[in-house]
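Rule-based calculations on the coordinates, nothing more; no lab input. Predicted model, so just to flag it, every value in this text is computed and none were measured. Glycine also receives a Cβ, built like all others from the backbone with ideal geometry; neighbour counts cover every protein chain displayed.
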Amino acid sequence: MATTKRKQQVAANEPDSTYFLKIILYIVLGSFWLKFQQPLQIGGFAINGFPLGLLIGLVFASHDHFQVDRKIEYAILVIVTIVTFFLPAGIVI
């Protein structure tokens with residue numbers, strides 16, 4: 001039991017530079033959109049773009065070893081995705 005606690009303490013230490021790089025990665029991924037030149041009409045809805053970076057970021061965040069950081073990463077991804085929807089960010093197809 002003592003070795004398990006020691007392994008958890010060693011694994012819980014993540015350098016600040018790694019954490020900062022992960023946050024930058026999630027900001028960049030959250031801002032990646034595939035936007036359409038002409039909105040797609042599906043039923044009564046007009047779809048202007050697809051948040052591809054959000055999906056990729058969710059896959060990366062779901063495989064993070066630190067459970068506490070995962071919630072913060074999800075929040076960063078969602079906020080950046082919503083903000084960049086209204087900005088000219090992304091690839092237009």
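For a quick check, take a GNM of the chain with Cα springs below 10 Å and name the residue from 43, 30, 57 with the largest mean-square fluctuation.
Of 43, 30, 57, the Gaussian network model singles out 43 as fluctuating most.
I'd like the Karplus ³J(HN,Hα) series for segment 21-28: coefficients 6.51, -1.76, 1.60, θ = phi - 60°, whole numbers in Hz, and an x wherever there's a Gly or Pro.
Running phi through 6.51 cos²θ - 1.76 cosθ + 1.60 with θ = phi - 60° gives 5, 5, 5, 4, 4, 5, 5, 5 Hz.
Going by how many other Cβ atoms sit within 10 Å of their own, how do 31, 62 line up, fewest first?
Details: 31 20, 62 10.
Going from sparsest to densest Cβ surroundings: 62, 31.
Nearest 10 degrees, 0 to 90: what angle lies between the long axis of helix 67-85 and the longest principal axis of the chain (Cα atoms)?
20
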